[in-house]
Every structure is written in C-alpha cells, then in structure tokens.
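Undergrad: Pasting a structure below so you can have a look.
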C-alpha cells in the first residue's frame, strides 16, 4: 500500500504516521530525512542533492521522486509506505504517479485530515516538545499530565520551535492552501481520497483512520 496523509501544518499527520508505522508495519518515507541520509552517504543521488543545497537551491521534484523510487524498489516495506511531506503540489503528484507506474504501483489511499485554520494557528503556536525524548505537547490540546514534567521520560526541560508563532503559521497555512490543498481534488478524481475529522482528539482521529484502512 502507498498511503499519503494530507493536511495543513499542525493537523497531526506526524502523530498519526507514527502510529501507522508502529501498529501497521508501514515504512515512513520522509523526503527530508532521505535527502539528509543520501547526502551523508555520499551516494550519486546524495552528491547531486548536496550540489543543489550547497548552491542554495531547492532539490528538484525529479530528484526527490528518484530517492523515493529507490527506497520503494528496495522492497523494505512489505506492508506498504507512508509518504511524509511529499507530494506538496500537483507537479510533484504527477511526477510521483509516473514513477510509481514504472514499478507497476500507484497511490492506493490518501487520507485528508480536515481541520479549521484558526484552530491550527492555536495548535501550532502552542506546541512544544520534551528536550530529552522529543515527546510532543501543546498548551491547549495536550499538556503534560503533571505540569512541567514529561509524561514519557520525566524530564522538566522543554523546547519550542522558533518558527511556531502566529505570523509564521499564517504564512505556512497560506502556502498550503495555494500549493498543496489542490491535491485533494486531484486524488478525489482518482477515487482514492478519504476524509477524517482532524479536529477530533488524537485517539478519535486514529479510530477514523483505522476505519478508512479497513474499508480500503
């Protein structure tokens, strides 16, 4: 199965992707992580990516798709793959479709987490992580059970991303609606788009995703 989680920044895609990895055996393919790994390995693709990065350029859609294609061709995901952070626009979706077709594959399911922009601003601006174990929290939606103490490791040190502020969030949401949101129509036309309520609690969103997977 090739699965895409679609939704704006802060919708909870990362949280649900982790559950899919841990419970369904899917392999998460993050283009950012794969690019960093390729660069560190000194592989031909890595050298190509490094040259673009060193020149201050974005890595091309074609190169990102090639990296994804190599990972899928390696066959490590017996149960399937989750695409994380890709595609981000229609050009990338079309390039991905062409690459998968060469391997006699296709995107099987796209799950869109439907959310409210105003709530997303509050959710992103309020999020922070444990500095020790990286467990995620939120001022409004998911505070630690004991104030100031990580639920997982017991640390009392937390960090916030400097770009998790109202102004930056609004810019990221605007970019999402302009570039990525049109993918919903693209995948709906292919009959693979399903919706879940991204404003529900984490466990309820997971229940809805499970129901979608069972029905697929």
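The values are calculated or read from the model by the stated rules, or taken from the named source; none is laboratory data. None of the values given here were measured: they were computed from a predicted structure. Glycine also receives a Cβ, built like all others from the backbone with ideal geometry; neighbour counts cover every protein chain displayed.
Undergrad: Exactly one condition in (1) in contact with a strand residue (DSSP E or B) (Cβ under 7 Å, 6 or more places away or on another chain); (2) at pLDDT below 85; (3) in a loop (DSSP other than H, G, I, E, B); (4) closer than 24 Å to residue 194 by Cα is not met by residue 76; state its number.
TA: Result: residue 76 fails condition (4) only.
Undergrad: While we're on this one: So is residue 83 more than 10 Å from residue 29 (Cβ to Cβ), modelled with pLDDT of 80 or more and either buried (at least 20 other Cβ atoms within 10 Å of the Cβ) or within 17 Å of the chain's Cα centre (by Cα) (or both) or not?
TA: No, not satisfied.
Undergrad: Checking residue 4 against (1) farther than 25 Å from residue 169 by Cβ; (2) under 14 Å from the mean Cα position of the chain (by Cα); (3) at pLDDT 85 or above; (4) surrounded by 19 or more Cβ atoms within 10 Å (Cβ to Cβ): exactly one of these is not met. Which one?
TA: Tallying (1) farther than 25 Å from residue 169 by Cβ; (2) under 14 Å from the mean Cα position of the chain (by Cα); (3) at pLDDT 85 or above; (4) surrounded by 19 or more Cβ atoms within 10 Å (Cβ to Cβ), residue 4 fails exactly one: (1).
Undergrad: Considering only residues that are modelled with pLDDT under 90 and buried (at least 17 other Cβ atoms within 10 Å of the Cβ), which ones fall in segment 86-132?
TA: Residues satisfying the conditions are 86, 120, 121, 122, 123, 124, 125, 126, 127.
Undergrad: So is residue 35 surrounded by 15 or more Cβ atoms within 10 Å (Cβ to Cβ), farther than 17 Å from residue 3 by Cα and modelled with pLDDT under 85 or not?
TA: Against the criterion (surrounded by 15 or more Cβ atoms within 10 Å (Cβ to Cβ), farther than 17 Å from residue 3 by Cα and modelled with pLDDT under 85), residue 35 qualifies.
Undergrad: Which number in (1) loosely packed, with under 15 Cβ neighbours inside 10 Å; (2) closer than 14 Å to residue 2 by Cβ; (3) in contact with a helix residue (DSSP H, G or I) (Cβ under 7 Å, 6 or more places away or on another chain) marks the one condition that residue 75 misses?
TA: (3)
Undergrad: Out of segment 15-32, which residues are over 13 Å from residue 206 (Cβ atoms), modelled with pLDDT under 90 and surrounded by fewer than 19 Cβ atoms within 10 Å (Cβ to Cβ)?
TA: Hits for segment 15-32 are 30, 32.
Residues are listed down the side, and each one gets a yes or a no for (1) assigned to a helix (DSSP H, G or I); (2) over 16 Å from the mean Cα position of the chain (by Cα):
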| site | (1), (2) |
| --- | --- |
| 8 | no, no |
| 16 | yes, no |
| 19 | yes, no |
| 47 | yes, yes |
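Undergrad: Considering only residues that are without any contact (Cβ under 8 Å) to a residue 40 or more places away in the chain and in contact with a strand residue (DSSP E or B) (Cβ under 9 Å, 6 or more places away or on another chain), which ones fall in segment 4-32?
TA: 18
Undergrad: Right, something else. Only one residue in 12, 56, 42 is crowded, with 16+ Cβ neighbours inside 10 Å, at positive phi and either at pLDDT below 90 or in contact with a helix residue (DSSP H, G or I) (Cβ under 6 Å, 6 or more places away or on another chain) (or both). Which one?
TA: Answer to the check: 12.
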